[in-house]
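Accompanying notes for the structure given below.
The values are calculated or read from the model by the stated rules, or taken from the named source; none is laboratory data. Quantities reported herein were computed from a predicted structural model and do not represent experimental measurements. Cβ: placed from backbone, ideal geometry, glycine included. Neighbour counts: every protein chain shown.
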Amino acid sequence: MSGVIPNAVPFLGGNEWKYLKECLDSNWVSSAGPFIERFERGVATYVGARHAVATVNGTAALHLALLVAGVRPGDEVLVPSFTFIATANAVRYCGAFPVFMDSEPGTWCIDPVKVEEFLATRCETRGDRLVNRGSGRRVAALLPVHLYGHPADLDALAALTRRYPLALVEDTTEALGAEYKGRRVGVHERVACLSFNGNKIITCGGGGMVLTDDPALARRAALLSTQGRTPGAEFVHEEVGYNYRLTNIQAALGLAQLEQLDRFVEDKRQTARYYAEALRVLDGIEPFCEQPWARSSYWMSSVMLDPSAWDDVRTLIQKAKAASIELRPLWYPLHRQPVFAECEAFRVEHADALHARGVSLPCSVGITPEARARVVAFLAGERR
Ligand SMILES: Cc1ncc(COP(=O)(O)O)c(C=O)c1O
């Protein structure tokens, strides 16, 4: 047994070198250059969005998405507790406050039934404003996250944003390549965002993108990403913006990766299928599978472990490390994070179980059959 099996590392098997060399040869290495537009257009076409604005990372894209959706200081945004911290941090960057919602057992994404209950029992509409009666704050947006490659139940969530004055902003950072009811996950309603960090299904090294069908929102996102600079030759700035632009070098890498995305999704799906099949013979281990209406990109291949049959997840991760296998814990629920101790959480129950019992298995694009078999053999040896 030799060699560490990483959890998820990039696969750089296409035109990456060629495009990077073009950047260096042409001297276009910074925040302008032909690859930026090609990458934006390529991603927009892939997901079926009219507009895409590339950013320096996914967190910046999320920040801009919330701003252009109209989130203002003092507002609240409904966020799943079970997600990466960036989702809620971006809300705070706007001066707004996350209100934490629970996840559904079937999708691991925000639970539309509990969101509806929160809206019906804790909020009221005053004119064109939705107000949380407890805090007195405006509830400005609903921010689902398509977790681990699986889409949230978008129709159910979009129905709520039609019934209440609430913007739908999607955190699509973990689900590029997934499909919801036969349509690629991208932007379902107003605005969404992607991430291209090192362990995402495609990477720019670091990068992100705002997606929208609305040209005015796209223009505003582009303006805010460029220090608020009014387009033109002069340096005229009408509002405070951010330096959130992606570089040509990052976009070159991203474009080369995008060209391989379909193959990457197939690879991820094959790995998830392999684990589901191979682990079926072990009791007390349940792979995270897709809903009948979803085609998951399986960004992560994750499983839930029954504590009566398995060591606690953290112990298992340590034992796997000793066997040179990198298992990864699931997200730490945000309503338990010290930094968000003051924020409201509404009936969050399932998120804790996901965190306590779930773990992600190695699933890099290009993982070998031998490596996958080694992971399964390790797990078989650990079953009590
Ligand atoms: C759910 C979620 N939101 C936001 C982000 C932020 O993306 P980035 O790391 O590119 O800033 C990530 C990934 O890191 C994520 O998993």
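Worth a mention:
- Listed by position, the helices (runs of 4 or more DSSP H) contained in segment 1-97 that have at least 1 residues being on the phi < 0 side of the Ramachandran plot and surrounded by fewer than 16 Cβ atoms within 10 Å (Cβ to Cβ) are 16-26, 34-47, 85-93.
- One residue from LEU211, LEU217 being assigned by TED's automatic domain parsing to the domain that holds LEU143, hydrophobic (A, V, I, L, M, F, W, C), closer than 30 Å to ARG162 by Cβ and away from the ligand (no atom under 16 Å from the Cβ): LEU217
- So ARG184, is it of a type outside the set (Asp, Glu), surrounded by 17 or more Cβ atoms within 10 Å (Cβ to Cβ), in contact with an Asp or Glu (Cβ under 7 Å, 6 or more places away or on another chain) and touching a residue at least 40 places away in the same chain (Cβ under 8 Å): no
- Complete set of residues in segment 116-164 that are touching a residue at least 12 places away in the same chain (Cβ under 8 Å) and of a type in the set (Val, Ile, Thr): THR125, VAL139, VAL145, THR161
- With respect to the conditions (1) within 16 Å of the ligand (Cβ to nearest atom); (2) more than 21 Å from the chain's Cα centre (by Cα), ARG163 falls short on a single one, namely (1).
- Boolean, GLY127 is more than 19 Å from MET300 (Cβ to Cβ), within 11 Å of the ligand (Cβ to nearest atom) and either of a type in the set (S, T, N, Q) or surrounded by fewer than 17 Cβ atoms within 10 Å (Cβ to Cβ) (or both): no
- Test: VAL56 is more than 15 Å from the ligand (Cβ to nearest atom), assigned by TED's automatic domain parsing to the domain that holds CYS204 and within 18 Å of the chain's Cα centre (by Cα): no
- Listed by position, the helices (runs of 4 or more DSSP H) inside segment 291-384 whose residues that are free of Cβ contacts under 8 Å to residues at least 40 places away in the same chain number at least 3 are 313-322, 369-382.
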